[in-house]
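The structure is given below, and queries will be raised subsequently.
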């Protein structure tokens, strides 16, 4: 007989309590879709510039706004992670998401450095922005998959509680 290992839930009961009590959970829930909307607008502006050569200023401003939105969600996310898991970064539950977030931050920061120092010509700056955006999309997908896993864990926990209650345990 093959023994199945029990999947470890994303949150312990205490972590789930801290997550639900933290005001930073709501902040993250608001900032994530706002950052995604900023990303979509910026992506359109960057692609427009790359396709036509027009709108460099608007594309540049949008990437800067997107980068500062990223910094904001990263800082508040670190505070959230500290409140929920006791560490600012690299909690086991979000280790790989945090590792990849470092790449996303590095690429966005490299864009700002290239912009401020004129280290790259405009087209290459926008190509760097696209690389940063590609990494951001992957990282966002990682977090969405974690959110989905947390919801599945919660549904399973509630189903287990209902079953135990129904059986009088």
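Starting from the Cα gyration tensor of the stretch 44-144, take the square roots of the eigenvalues, sort them a ≥ b ≥ c, and report rounded, prolate or oblate (rounded when a/c is under 1.5, otherwise prolate if a/b is larger than b/c, else oblate).
prolate
Could I ask something else about it? What nm distance separates the two modelled labels at residue 103 and residue 153, each placed 7 Å from Cα along Cα→Cβ?
Between residue 103 and residue 153, the simple spin-label model gives 2.4 nm.
How long is the chain along each principal axis, judged by its Cα atoms, biggest number first, in Å?
Its Cα atoms span 69, 33, 26 Å along the three principal axes.
Assuming R0 = 22 Å, what is the FRET efficiency of residue 47 and residue 68, from their Cβ-Cβ distance, to the nearest 0.05?
0.60
Tell me what the chain gives for mean residue ellipticity at 222 nm when only DSSP H runs of n ≥ 4 count, each as -39,500 (n - 2.57), the sum divided by the residue total, rounded to 500 deg cm²/dmol.
-29000 deg cm²/dmol
Readers should treat all values here as calculations from the given coordinates under stated rules, not as data from a laboratory. Fair warning: this is a prediction, and the values are worked out from it, not measured in the lab. Methodologically, a virtual Cβ is constructed for each residue, glycine included, from the backbone with ideal geometry; neighbour enumeration extends over all protein chains shown.
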